[in-house]
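Take a look at the structure below.
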Amino acid sequence: MAEANHIAFKSEESLSIGPCAGTCEKCDEKSKYLRKQMQNIPEEKRVYPQSDPREAVEL
């Protein structure tokens with residue numbers, strides 16, 4: 001979403017063991033930052049990329 005909306009965003013790997021559910025403090029901070037940045041973009045110009053979760057599965 002950041003890339004599609006030209007928002008400067010750098011994310012570091014989580015130090016947690018195992019997959020992150022996206023509910024840790026670090027993920028919450030990233031989410032708040034992105035929401036705040038999106039509010040600076042007029043609603044009609046915001047881009048919400050769509051993806052197919054099946055494409056992200058690696059077996």
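Some points to look at:
- Count of residues meeting criterion [part of a loop (DSSP other than H, G, I, E, B), modelled with pLDDT of 95 or more and surrounded by 10 or more Cβ atoms within 10 Å (Cβ to Cβ)] in region 8-45: 1
- Cβ-Cβ contacts under 8 Å between residues 6 or more apart (or on different chains), taken from a first residue in region 13-39 that is aliphatic (A, V, I, L, M) to a second residue that is modelled with pLDDT of 70 or more, are listed as LEU34/MET1; LEU34/ALA2; LEU34/ILE7; LEU34/PHE9; MET38/MET1; MET38/ASN5; MET38/ILE7; MET38/ARG46.
- Qualifying positions in region 46-58 - among the hydrophobic types (A, V, I, L, M, F, W, C) and surrounded by 10 or more Cβ atoms within 10 Å (Cβ to Cβ): VAL47
The values are calculated or read from the model by the stated rules, or taken from the named source; none is laboratory data. Quantities reported herein were computed from a predicted structural model and do not represent experimental measurements. Here the Cβ is made from the backbone with ideal geometry for all residues, glycine too, and neighbour counts use every protein chain on show.
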